[in-house]
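Trainee: Just dropping this structure here.
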């Protein structure tokens, strides 16, 4: 199927191919991405756009001796296939298969792990300095490859500034596709846009090619001599807004670009000469997100990440790109905050470059003047929200749990110490599945619970999420408990469950007792309430009386309900989809210890002290012992009851390996 690509066992094999053969490899790489992701799903448009860039870098440089550090990592699929992983590419993002990001444990060619944006420049500069300290200055290259959206991250700019004036041999490659997830925003994005649309940029490709053709032999002198006269002075200085210099040159870099990031010949020639250049170099490539797949080129945002269903829709002639027909937590959040803003002109919404993922795209359409996208700048987003709150605005910060941890100091220093009513709505809380350890939102409970003034909630279903959002905006941020508040909710559809009772109103610090019983207490938080309810029904069918509490509040805990249930049943099981260390269970133990309740058996369920791999959520739940069967078994153990026969363990992929539960 892949005539040339199937013969590539390592990047060294690329060096023996002709330019025409390399172009065929590029086509086969794109086809392999399309073929495999139609079955596995994954990041799509960005990988198609980065294929030529990746192929050119691996053709010119000698990895892993030369250090290429990829930012974020979700555009690395071509890199994986060129480094000996084509035969396993069909296991991408599946449990036991290839990661969707860079993992040092997976390959010697993955020199630095990634998942969050903006890390590549700092890390690559670290490799460059280590090289020099080890006396290998002229033996190894150090290259950071970063997208234009990631380039807006504060960390990226910090690294760019620090490395630029060092004088060290160091290269930054900007993969500029205008929108790494959603459209890039901010001053730097505007500056790059001015470079793109200039008349000189339109001619830069043909000028560079013509220059190269006029120089016999290796075109090194063409690039190095022409860089100052044509690329540097003509393009960057004349396009610069104030015509006095360009930001990259002012930071100490030799600037080359913008260059067509899909002209493989030009890319190879340029990188060949950049490899010989001294000092920091900045190469600005212009690429098309979704290159080679028409629908992705037309709507890169929709095709940023794909599911097999999206390709099935194409076959049916619908091409809808819809991922689910059910009502997701994100949908409910999106609809509710728009309605709240309709009724209250002080409600504002903030996202850090994730309007679609968080559901705030709808808010943007309805209330554009109260919608703020800070780009990939979570620290700024939180501090900005604090400023809004200080002046009486009601800022809702929609952000993934895993990304909010990047702004920890702002939460503590700028929000909590001043007790400002910033509202954090944390999507993708808990295990997220295929994206793996860099994206699991399992730390937010622990890193927020110990901060004074912060309060925390988690809904059991979609109805409760809506209730919590309305309470948060209409009561909490203006009432006696006014202060920072965080709601966590998971990825995917909200469960549709008959709980056997109507939902109680949201009251500060109060839980919702779903069933009464005197044998054992089950305390469940957030999306663990649903599997815990299954366990309750199992236990009740066996004649076991269960005090089942939907905690709702992670902080403050409902002390009266917990203490009463613990003293009556003498057996307490706590369930949460967050790390056990410092989590809700820890809070329950602290509460019992503080009140001298020592004659109680307690069992904690949560994420063990390990980074959880990627895989389907049902598999990960079983690995972490977060299933109804696990909860029911713990209750039986506490009561000395016999256990039913265990279910057979699932088989992973084609292998005969079976997964075992993780333990803390």
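Trainee: Out of 144, 156, 163, report the one residue that is in contact (Cβ under 8 Å) with a residue 60 or more places away in the chain, closer than 22 Å to residue 65 by Cα, assigned to a helix (DSSP H, G or I) and touching a helix residue (DSSP H, G or I) at 6+ places or on another chain (Cβ under 9 Å).
Mentor: Values: 144 fails: assigned to a helix (DSSP H, G or I); 156 fails: closer than 22 Å to residue 65 by Cα.
None of the others qualify; the one that does is 163.
Trainee: Taking the residues in region 631-664 that are within 29 Å of the chain's Cα centre (by Cα) and closer than 27 Å to residue 544 by Cα as candidates, determine which candidate is modelled with the highest pLDDT.
Mentor: 661
Trainee: Now a separate question. If you scan region 436-467, which residues turn out to be within 30 Å of residue 616 (Cβ to Cβ), touching a strand residue (DSSP E or B) at 6+ places or on another chain (Cβ under 9 Å) and in a loop (DSSP other than H, G, I, E, B)?
Mentor: Of everything in region 436-467, those that are within 30 Å of residue 616 (Cβ to Cβ), touching a strand residue (DSSP E or B) at 6+ places or on another chain (Cβ under 9 Å) and in a loop (DSSP other than H, G, I, E, B) turn out to be 439, 440, 442, 443, 458, 459, 460.
Trainee: Within region 38-53, can one find any residue that is in contact with a helix residue (DSSP H, G or I) (Cβ under 9 Å, 6 or more places away or on another chain), surrounded by fewer than 17 Cβ atoms within 10 Å (Cβ to Cβ) and closer than 21 Å to residue 436 by Cα?
Mentor: Yes - at least one qualifying residue is present in region 38-53.
Trainee: Right, next: Within 22 Å of residue 460 (Cα to Cα) and not in a strand (DSSP E or B): does that describe residue 388? Step through it out loud before you land on a result.
Mentor: Values: within 22 Å of residue 460 (Cα to Cα): no; not in a strand (DSSP E or B): yes.
For residue 388, the condition - within 22 Å of residue 460 (Cα to Cα) and not in a strand (DSSP E or B) - is not met.
Trainee: State which residue is farthest from residue 257 (Cα to Cα) when the search covers only region 144-158 and only residues that are at pLDDT 90 or above and crowded, with 24+ Cβ neighbours inside 10 Å. Let's see the steps before the verdict.
Mentor: To start, the set of residues in region 144-158 that are at pLDDT 90 or above comprises 144-146, 155-158.
Among the residues that remain, those that are also crowded, with 24+ Cβ neighbours inside 10 Å are: 144-146, 156.
Details: 144: 16, 145: 15, 146: 15, 156: 19 Å.
If we take residues in region 144-158 being at pLDDT 90 or above and crowded, with 24+ Cβ neighbours inside 10 Å, then 156 is farthest from residue 257 (Cα to Cα).
Trainee: Taking strands (runs of 3 or more DSSP E) that do not extend beyond region 548-638, which have at least 3 residues that are assigned by TED's automatic domain parsing to the domain that holds residue 102, surrounded by 23 or more Cβ atoms within 10 Å (Cβ to Cβ) and touching a residue at least 40 places away in the same chain (Cβ under 8 Å)?
Mentor: Working: elements: 553-555, 571-579, 601-607.
Per the criteria, no element qualifies.
Trainee: Checking the structure you have, find out if any residue of region 362-382 is out of contact with any helix residue (DSSP H, G or I) (no Cβ under 9 Å at 6 or more places or on another chain) and either in a helix (DSSP H, G or I) or not assigned by TED's automatic domain parsing to the domain that holds residue 416 (or both). Working first, answer last.
Mentor: Quick first cut of region 362-382, residues out of contact with any helix residue (DSSP H, G or I) (no Cβ under 9 Å at 6 or more places or on another chain) only: 368-369.
If we keep only those that are either in a helix (DSSP H, G or I) or not assigned by TED's automatic domain parsing to the domain that holds residue 416 (or both) as well, we get 368-369.
Yes, region 362-382 contains a residue that is out of contact with any helix residue (DSSP H, G or I) (no Cβ under 9 Å at 6 or more places or on another chain) and either in a helix (DSSP H, G or I) or not assigned by TED's automatic domain parsing to the domain that holds residue 416 (or both).
Trainee: Something else about it: Can you confirm whether residue 117 is at pLDDT below 90, crowded, with 19+ Cβ neighbours inside 10 Å and in contact with a helix residue (DSSP H, G or I) (Cβ under 8 Å, 6 or more places away or on another chain)?
Mentor: Working: at pLDDT below 90: yes; crowded, with 19+ Cβ neighbours inside 10 Å: yes; in contact with a helix residue (DSSP H, G or I) (Cβ under 8 Å, 6 or more places away or on another chain): yes.
Considered against the rule, which asks whether it is at pLDDT below 90, crowded, with 19+ Cβ neighbours inside 10 Å and in contact with a helix residue (DSSP H, G or I) (Cβ under 8 Å, 6 or more places away or on another chain), residue 117 comes out as yes.
Trainee: Checking residue 6 against (1) within 28 Å of residue 128 (Cβ to Cβ); (2) in contact with a helix residue (DSSP H, G or I) (Cβ under 8 Å, 6 or more places away or on another chain); (3) surrounded by fewer than 17 Cβ atoms within 10 Å (Cβ to Cβ): exactly one of these is not met. Which one?
Mentor: (1)
Trainee: Next question. I'm checking my understanding of the structure. Among residues of region 391-423 that are outside any helix (DSSP H, G or I) and closer than 16 Å to residue 555 by Cβ, which one is farthest from the chain's Cα centre (by Cα)? If you could, list the steps in order and put the result at the bottom.
Mentor: Going through region 391-423, the residues outside any helix (DSSP H, G or I) turn out to be 391-400, 417-423.
Right, trim to closer than 16 Å to residue 555 by Cβ and you get 419, 421-423.
Numbers: 419: 28, 421: 26, 422: 22, 423: 21 Å.
For region 391-423, the residue satisfying everything is 419.
Trainee: Go through region 465-502 and report how many residues are farther than 19 Å from residue 426 by Cα and not assigned by TED's automatic domain parsing to the domain that holds residue 346.
Mentor: Summing the residues that are farther than 19 Å from residue 426 by Cα and not assigned by TED's automatic domain parsing to the domain that holds residue 346 in region 465-502 gives 7.
Trainee: If I filter region 250-267 down to residues being touching a strand residue (DSSP E or B) at 6+ places or on another chain (Cβ under 6 Å) and in a loop (DSSP other than H, G, I, E, B), which single residue comes out as surrounded by the most Cβ atoms within 10 Å (Cβ to Cβ)?
Mentor: Restricting to residues being touching a strand residue (DSSP E or B) at 6+ places or on another chain (Cβ under 6 Å) and in a loop (DSSP other than H, G, I, E, B), the top hit is 261.
Trainee: I would also like to ask the following. Do we have any residue at all in region 389-402 that's touching a helix residue (DSSP H, G or I) at 6+ places or on another chain (Cβ under 9 Å) and without any contact (Cβ under 8 Å) to a residue 24 or more places away in the chain?
Mentor: Start the filter on region 389-402 by keeping residues that are touching a helix residue (DSSP H, G or I) at 6+ places or on another chain (Cβ under 9 Å), which leaves 389, 393-402.
Restricting the remaining residues to those that are without any contact (Cβ under 8 Å) to a residue 24 or more places away in the chain gives none.
No, every residue in region 389-402 fails to be touching a helix residue (DSSP H, G or I) at 6+ places or on another chain (Cβ under 9 Å) and without any contact (Cβ under 8 Å) to a residue 24 or more places away in the chain.
Matching residues to (1) farther than 20 Å from residue 289 by Cβ; (2) touching a residue at least 40 places away in the same chain (Cβ under 8 Å); (3) assigned to a loop (DSSP other than H, G, I, E, B):
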{"position": "62", "(1), (2), (3)": "yes, yes, yes"}
{"position": "65", "(1), (2), (3)": "yes, yes, yes"}
{"position": "69", "(1), (2), (3)": "yes, yes, no"}
{"position": "72", "(1), (2), (3)": "no, yes, yes"}
{"position": "75", "(1), (2), (3)": "no, yes, yes"}
{"position": "79", "(1), (2), (3)": "no, no, no"}
{"position": "88", "(1), (2), (3)": "yes, no, no"}
{"position": "100", "(1), (2), (3)": "no, yes, yes"}
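Trainee: Can you find a residue in region 268-291 that is modelled with pLDDT under 85, within 26 Å of the chain's Cα centre (by Cα), crowded, with 20+ Cβ neighbours inside 10 Å and within 23 Å of residue 355 (Cβ to Cβ)? Spell out the reasoning first.
Mentor: Here is the first cut: in region 268-291, the residues modelled with pLDDT under 85 are 290.
Retained after the next criterion (residues that are within 26 Å of the chain's Cα centre (by Cα)): 290.
So of that shortlist, the ones also crowded, with 20+ Cβ neighbours inside 10 Å come out as 290.
Those left that are additionally within 23 Å of residue 355 (Cβ to Cβ): 290.
Yes, region 268-291 contains a residue that is modelled with pLDDT under 85, within 26 Å of the chain's Cα centre (by Cα), crowded, with 20+ Cβ neighbours inside 10 Å and within 23 Å of residue 355 (Cβ to Cβ).
Trainee: Given the criteria under 28 Å from residue 601 (Cα atoms) and touching a helix residue (DSSP H, G or I) at 6+ places or on another chain (Cβ under 6 Å), does residue 458 qualify? Break it down stepwise before answering.
Mentor: Numbers: under 28 Å from residue 601 (Cα atoms): yes; touching a helix residue (DSSP H, G or I) at 6+ places or on another chain (Cβ under 6 Å): yes.
Taking the combined requirement at face value, the residue satisfies it.
Trainee: Does region 424-433 contain any residue that is in contact with a helix residue (DSSP H, G or I) (Cβ under 9 Å, 6 or more places away or on another chain) and either in the same structural domain as residue 103 (by TED's automatic domain parsing) or assigned to a helix (DSSP H, G or I) (or both)? Reasoning before the result, please.
Mentor: Of all residues in region 424-433, those in contact with a helix residue (DSSP H, G or I) (Cβ under 9 Å, 6 or more places away or on another chain) come to 424-433.
Okay, now just the ones that are also either in the same structural domain as residue 103 (by TED's automatic domain parsing) or assigned to a helix (DSSP H, G or I) (or both), so none.
Checked region 424-433: no residue is in contact with a helix residue (DSSP H, G or I) (Cβ under 9 Å, 6 or more places away or on another chain) and either in the same structural domain as residue 103 (by TED's automatic domain parsing) or assigned to a helix (DSSP H, G or I) (or both).
Trainee: Let me ask something else. Just for region 126-141: of the residues that are in a helix (DSSP H, G or I) and within 22 Å of residue 273 (Cβ to Cβ), which one is nearest to the chain's Cα centre (by Cα)? Quick ask: steps written out before the conclusion?
Mentor: First pass over region 126-141, keeping only residues in a helix (DSSP H, G or I): 126-133.
Still in the running and within 22 Å of residue 273 (Cβ to Cβ): 127-128, 131-132.
Working: 127: 24, 128: 27, 131: 30, 132: 33 Å.
Filtering first and then ranking leaves 127.
Trainee: Also, quick follow-up: For region 495-505, does any single residue satisfy the condition of being at pLDDT below 95, crowded, with 19+ Cβ neighbours inside 10 Å and more than 23 Å from residue 565 (Cβ to Cβ)?
Mentor: No, the conditions are met nowhere in region 495-505.
Trainee: Return the total of residues in region 343-368 being more than 14 Å from residue 396 (Cα to Cα) and in contact with a strand residue (DSSP E or B) (Cβ under 9 Å, 6 or more places away or on another chain).
Mentor: 3
The values are calculated or read from the model by the stated rules, or taken from the named source; none is laboratory data. As the structure is a computational prediction, the values presented were derived from the model and not from experiment. Cβ: placed from backbone, ideal geometry, glycine included. Neighbour counts: every protein chain shown.
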